[in-house]
Amino acid sequence: MKAKSAHHLWQFAGGIHPPENKSISTQQPIQDLPMPDKLVLPLRQHIGAPAQPVVTVGDTVLKGQKIAEGQGFISCPVHAPTSGVVTSISDHAIPHASGMEDTCVVIEPDGQDRWIDKQENPDFVTLKKTELNAIIREAGISGMGGAGFPTAVKTAPRDNIDTLIINAAECEPYITADDVLMRERADEIIEGIEIVARLISPRRILVGIEDNKAQAITAMEKAAAGTSVDIVVIPTKYPSGGEKQLIYILTGKEVPSGAIPASIGVVVQNVGTCAAIYRAVRYGEPLISRVTTLTGLAPKHPGNFNVLIGTPVSHLLKTGLQAPVAKLVMGGPMMGFELASDDIPVIKTTNCILAPSKEELGEAIPEQQCIRCGECAKACPANLLPQQLYWHSAAKELDKAESYNLFDCIECGACAYVCPSHIPLVQYYRFAKTEIKVQKADKEKAERAKIRYEQRNARLEEAKRQKEEQRRLRAEKAAKAKAAKAAAAKEAAASGEAQSADAPKKTSQDDDARKAVIEQALARAKAKKAAKQAKSSNDGSATPSATDKAE
């Protein structure tokens, strides 16, 4: 085993130590669930543009078949988790704090679980970087530990990354999905980490694990032996698993407000994401299932399960309950959100379903007035001023809330946890963020509409100008033709006058000629007649006339 050198750690501001309650779900290995009656697959399971369906109602699909295509650079495709028939493509409740609905593809499993022809790569080390990243993109892998950012965007080949950090802290109470994944599939995680490292060429690779996961630490150190991956054990403190907080703990670097980790030469991936990358590259398996924690004191058999993406939460609860469920929470008690229905599906970012009993949850304490104690500011790991953010958010003074770096809030809930007035501070921040996003979206929509309106007016003006230009050219052409015609007529008239002037001369000459001919003819006729008469006179003296004969 490679010796691990001591790694210097930094301590971020704030933070809390809530009860962990992790042992509830770590007593059993990862288990498989029976096939659900239906699978509900939202087309938006990631940050970015939603996927677009490439199947229609009534289509038969195979396990691993692409049913929706990613749109644009920041997007992910969606695949069928099993074989079956598409029964609906319509709006359905999705995992969201607002209880909103969105377009989902519903598949009725046929029970045969028939795979597509998978493209396996036993010698994936020989693949080019572009080929590796294309596999990750086509597999529909998005971040499985947070907001679901498309992984292929982070793993795009580059050469400006200093540190690759693997987030294995899993600091949220109750959640143990990453813990048991590291215990049982450490080799796959390390293989996935090395694939990512090959793509982005970091100078060092650090895996941050909280010190309350002894078995996972041992398994990961064993799997990383002989590699360039450093397993770094960090103190247990919430929220050490926050991206910016873990970066600071391991490197001492702070991500600037509004920036991303890559801007300081860091890329962060989750252990579950790395395992999914390995399965996609080695076995050609798209992201169609994930390990999800079912926990709380209400389930009869809490633990971690291989759950097909799209499985309704109600199907997980069929494992049995030993107490009434007070409420259903997707995620942990700090950053999770309450579900409006148990018909909502598990998606790629679902790491936990918390089902506490009424006794476990306790009585709800009503919100009271802020006493300005400042405890929230002490607990904030992002060095914000939660009290000011609360006032401005509650008063809907959104510009002021944003000026206090509202969007740097990671919604960890530490401020609300320590608040003696039991103010649900994170709810106010989420509301303000949503309102600001809506206003910005409306403003952008109005700007786009204005641009389209101005472009339309410009097109109409240009069409009008072109029409006027064509009319002017036609008028000029007609004027030129008219002028040419007038000139021709004038020329023809002038030519006609000249011919009229010459006409009498030609007629008089012709008449003289005809007269001369006539006179000549008359003269000939006269001469002929005279000759005839002369002949007759000569013949009369020698020949008697008829009268004389009769006598």
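The values are calculated or read from the model by the stated rules, or taken from the named source; none is laboratory data. Computed from a predicted structure; not experimentally measured. A quick note on method: Cβ atoms are made from the backbone with ideal geometry, for glycine too, and the neighbour counts reach across all protein chains shown.
Please tell me if Ala326 is more than 33 Å from the chain's Cα centre (by Cα), at pLDDT below 95 and assigned by TED's automatic domain parsing to the domain that holds Thr293.
Details: more than 33 Å from the chain's Cα centre (by Cα): yes; at pLDDT below 95: yes; assigned by TED's automatic domain parsing to the domain that holds Thr293: yes.
Spelling it out, Ala326 is indeed more than 33 Å from the chain's Cα centre (by Cα), at pLDDT below 95 and assigned by TED's automatic domain parsing to the domain that holds Thr293.
When you go through (1) at pLDDT below 95; (2) outside any loop (DSSP other than H, G, I, E, B) one by one for Glu131, which number turns out not to apply?
Checking Glu131 against (1) at pLDDT below 95; (2) outside any loop (DSSP other than H, G, I, E, B), the one that fails is (1).
Run Ile195 past the list (1) over 25 Å from Pro157 (Cα atoms); (2) of a type outside the set (S, T, N, Q); (3) in contact (Cβ under 8 Å) with a residue 60 or more places away in the chain; (4) surrounded by 20 or more Cβ atoms within 10 Å (Cβ to Cβ) and report the number of the one that doesn't hold.
Among (1) over 25 Å from Pro157 (Cα atoms); (2) of a type outside the set (S, T, N, Q); (3) in contact (Cβ under 8 Å) with a residue 60 or more places away in the chain; (4) surrounded by 20 or more Cβ atoms within 10 Å (Cβ to Cβ), the lone unmet condition for Ile195 is (1).
Just a yes or no: is a residue in segment 273-295 in the same structural domain as Glu194 (by TED's automatic domain parsing), out of contact with any helix residue (DSSP H, G or I) (no Cβ under 9 Å at 6 or more places or on another chain) and charged (D, E, K, R)?
No: segment 273-295 contains no residue that is in the same structural domain as Glu194 (by TED's automatic domain parsing), out of contact with any helix residue (DSSP H, G or I) (no Cβ under 9 Å at 6 or more places or on another chain) and charged (D, E, K, R).
Can you tell me how many residues in segment 388-429 are under 23 Å from Glu172 (Cβ atoms) and either assigned to a helix (DSSP H, G or I) or assigned by TED's automatic domain parsing to the domain that holds Ala97 (or both)?
Residues meeting the conditions: 15.
For segment 124-147, how many residues are under 30 Å from Leu354 (Cα atoms) and surrounded by fewer than 20 Cβ atoms within 10 Å (Cβ to Cβ)?
Residues in segment 124-147 being under 30 Å from Leu354 (Cα atoms) and surrounded by fewer than 20 Cβ atoms within 10 Å (Cβ to Cβ): 2 in total.
Quick grid of which residues meet (1) part of a helix (DSSP H, G or I); (2) touching a helix residue (DSSP H, G or I) at 6+ places or on another chain (Cβ under 8 Å); (3) not assigned by TED's automatic domain parsing to the domain that holds Val268:
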{"position": "Ile166", "(1), (2), (3)": "no, yes, no"}
{"position": "Ala169", "(1), (2), (3)": "no, yes, no"}
{"position": "Glu172", "(1), (2), (3)": "no, no, no"}
{"position": "Leu181", "(1), (2), (3)": "yes, yes, no"}
{"position": "Ile193", "(1), (2), (3)": "yes, yes, no"}
{"position": "Ala197", "(1), (2), (3)": "yes, no, no"}
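Considering segment 77-122 alone, what residues qualify as being touching a helix residue (DSSP H, G or I) at 6+ places or on another chain (Cβ under 8 Å) and surrounded by 15 or more Cβ atoms within 10 Å (Cβ to Cβ)?
Pro77, Ala97, Asn121, listed by residue number.
Could you grab me the full set of residues in segment 336-347 that are buried (at least 20 other Cβ atoms within 10 Å of the Cβ) and in contact with a helix residue (DSSP H, G or I) (Cβ under 8 Å, 6 or more places away or on another chain)?
Leu339, Ile344, Pro345, Val346
Does segment 381-399 hold any residues that are within 19 Å of Pro256 (Cα to Cα) and either among the polar types (S, T, N, Q) or out of contact with any helix residue (DSSP H, G or I) (no Cβ under 9 Å at 6 or more places or on another chain) (or both), and which are they?
Asn383
Keeping to segment 77-127, report how many residues are among the hydroxyl-bearing types (Ser, Thr, Tyr) and not in a loop (DSSP other than H, G, I, E, B). Break it down into steps so the answer makes sense when it comes.
Taking segment 77-127 first, the residues among the hydroxyl-bearing types (Ser, Thr, Tyr) are 82-83, 87-88, 90, 98, 103, 126.
Then keep just the ones that are not in a loop (DSSP other than H, G, I, E, B); that gives 87-88, 90, 103, 126.
Final tally of qualifying residues: 5.
List every residue pair whose Cβ atoms sit under 7 Å apart, with the two residues 6 or more apart in sequence or on different chains, where the first one lies in segment 29-45 and is within 23 Å of Leu181 (Cα to Cα) and the second, anywhere, is of a type in the set (Lys, Arg) and surrounded by 16 or more Cβ atoms within 10 Å (Cβ to Cβ).
Gln45/Lys348
With (1) in the same structural domain as Asn212 (by TED's automatic domain parsing); (2) farther than 17 Å from Ala139 by Cβ as the list, and Val54 as the residue in question, which single condition is left unmet?
Among (1) in the same structural domain as Asn212 (by TED's automatic domain parsing); (2) farther than 17 Å from Ala139 by Cβ, Val54 violates only (2).
Hey, does segment 167-183 have a residue that's under 17 Å from Gly272 (Cβ atoms) and among the polar types (S, T, N, Q)? Steps first, please.
The initial filter retains those residues of segment 167-183 that are under 17 Å from Gly272 (Cβ atoms), namely 167-172, 174-183.
Subsequent filtering for residues that are among the polar types (S, T, N, Q) retains 167, 176.
Looking through segment 167-183, at least one residue is under 17 Å from Gly272 (Cβ atoms) and among the polar types (S, T, N, Q).
Could you list, in sequence order, the residues of segment 348-373 that are crowded, with 22+ Cβ neighbours inside 10 Å and charged (D, E, K, R)?
Taking segment 348-373 and keeping what is crowded, with 22+ Cβ neighbours inside 10 Å, we get 348-356.
The answer is Lys348, and nothing else.
All but one of (1) surrounded by fewer than 16 Cβ atoms within 10 Å (Cβ to Cβ); (2) in a strand (DSSP E or B) hold for Ile74; which doesn't?
Going through (1) surrounded by fewer than 16 Cβ atoms within 10 Å (Cβ to Cβ); (2) in a strand (DSSP E or B) one by one, Ile74 breaks only (2).
From Pro36, Pro29, grab the single residue that is in the same structural domain as Gly70 (by TED's automatic domain parsing), over 30 Å from Thr103 (Cβ atoms), assigned to a loop (DSSP other than H, G, I, E, B) and at pLDDT 95 or above. Reasoning before the result, please.
Details: Pro36 fails: over 30 Å from Thr103 (Cβ atoms).
Going through Pro36, Pro29 in turn, the sole match is Pro29.
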